[in-house]
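Comments concern the structure below.
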Amino acid sequence: ELSPILRAGDLAKCERRVSACLAALPRSPFHEILSLSITNAPEEVAAYFDEFFRQQPRDKIKAAYTEMNGFDINPGLWFCSPFAYKRYGGHDDYDWLSDWQSDDFGYLPILGLESLQRVYGSDAFHDERFDDACSVAGLLVVIRFQDLIRRSAPRMQELRFPLLATAHDYDFI
């Protein structure tokens, strides 16, 4: 349902729909996300990606990808990592994303969601009563991360190719 909205670039609409879905579920610790936002400055995110792009062979990058780590099972640190590709494989089949050509560049911590990280690290994550809320909150984390990348991209001086974003094990790209 959300993929066409995402492809159209309307992350605000995606966020509204997912937030409304979460709000309609029985109250849970995962509802914490409704009052949180990612606080990384887009300028700092752009500088991080620009430095990564500068370290790649200039004429070799045809696409870039970034993903948050598996945040639901790694509540101690949420971060994203960048990857560069010699070809752009499009949106029909994402198998090409597993074959990046860049070296490890480290990671960029994702800030502002620390209280939700504590929820994921608590017994609530394994409580079946909260399964639906946990899943919907996870999608909202991904959307907010994608929005951070969307807001940062216009500030990236070295971005001259598609940049895709999601979280590990999500195909909502």
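Quick check, is Asp95 part of a helix (DSSP H, G or I), among the acidic types (Asp, Glu) and surrounded by 17 or more Cβ atoms within 10 Å (Cβ to Cβ)? Criteria not met by Asp95. Is at least one residue of segment 77-90 of a type in the set (A, V, I, L, M), free of Cβ contacts under 8 Å to residues at least 40 places away in the same chain, outside any helix (DSSP H, G or I) and touching a Ser or Thr at 6+ places or on another chain (Cβ under 9 Å)? Scanning segment 77-90, I find at least one residue that is of a type in the set (A, V, I, L, M), free of Cβ contacts under 8 Å to residues at least 40 places away in the same chain, outside any helix (DSSP H, G or I) and touching a Ser or Thr at 6+ places or on another chain (Cβ under 9 Å), so the answer is yes. The residue list Leu116, Leu111 contains one member that is modelled with pLDDT of 95 or more, of a type in the set (A, V, I, L, M) and surrounded by fewer than 19 Cβ atoms within 10 Å (Cβ to Cβ), which is Leu111.
For segment 39-64, the set of residues classified as free of Cβ contacts under 8 Å to residues at least 60 places away in the same chain and either assigned to a loop (DSSP other than H, G, I, E, B) or in contact with a helix residue (DSSP H, G or I) (Cβ under 7 Å, 6 or more places away or on another chain) (or both) consists of Ala41, Gln55, Gln56, Pro57, listed by residue number. Consider segment 52-86 and keep the residues that are among the β-branched types (Val, Ile, Thr) and open to solvent by less than 30 Å² (accessible area, probe 1.4 Å). The one that is modelled with the lowest pLDDT is Ile61. Within segment 2-38, can you find the residues that are outside any helix (DSSP H, G or I) and either hydrophobic (A, V, I, L, M, F, W, C) or free of Cβ contacts under 8 Å to residues at least 12 places away in the same chain (or both)? If the condition is that a residue be outside any helix (DSSP H, G or I) and either hydrophobic (A, V, I, L, M, F, W, C) or free of Cβ contacts under 8 Å to residues at least 12 places away in the same chain (or both), then Leu2, Ala8, Asp10, Leu25, Arg27, Leu36, Ile38 are the ones that fit.
Looking at Phe125, is it surrounded by fewer than 18 Cβ atoms within 10 Å (Cβ to Cβ), among the hydrophobic types (A, V, I, L, M, F, W, C) and out of contact with any Leu (no Cβ under 8 Å at 6 or more places or on another chain)? Yes.
Kindly indicate whether Phe125 is modelled with pLDDT under 95, closer than 30 Å to Leu25 by Cα and not aliphatic (A, V, I, L, M). When the stated conditions are applied, Phe125 does not pass them.
Within segment 6-51, restricting attention to residues that are of a type in the set (S, T, N, Q) and open to solvent by less than 50 Å² (accessible area, probe 1.4 Å), the residue that is farthest from the chain's Cα centre (by Cα) is Ser28.
Going by what's in this entry, would Phe83 be described as over 23 Å from Ala20 (Cα atoms) and among the hydrophobic types (A, V, I, L, M, F, W, C)? Yes; evaluated as a whole, the condition is true for this residue.
The values are calculated or read from the model by the stated rules, or taken from the named source; none is laboratory data. These numbers were taken from a predicted model, which means no experiment stands behind them. Methodologically, a virtual Cβ is constructed for each residue, glycine included, from the backbone with ideal geometry; neighbour enumeration extends over all protein chains shown. Surface areas here come from the heavy atoms of the whole protein model, side chains and all, with no ligands, DNA or RNA. Shrake-Rupley method; radii C 1.70, N 1.55, O 1.52, S 1.80 Å.
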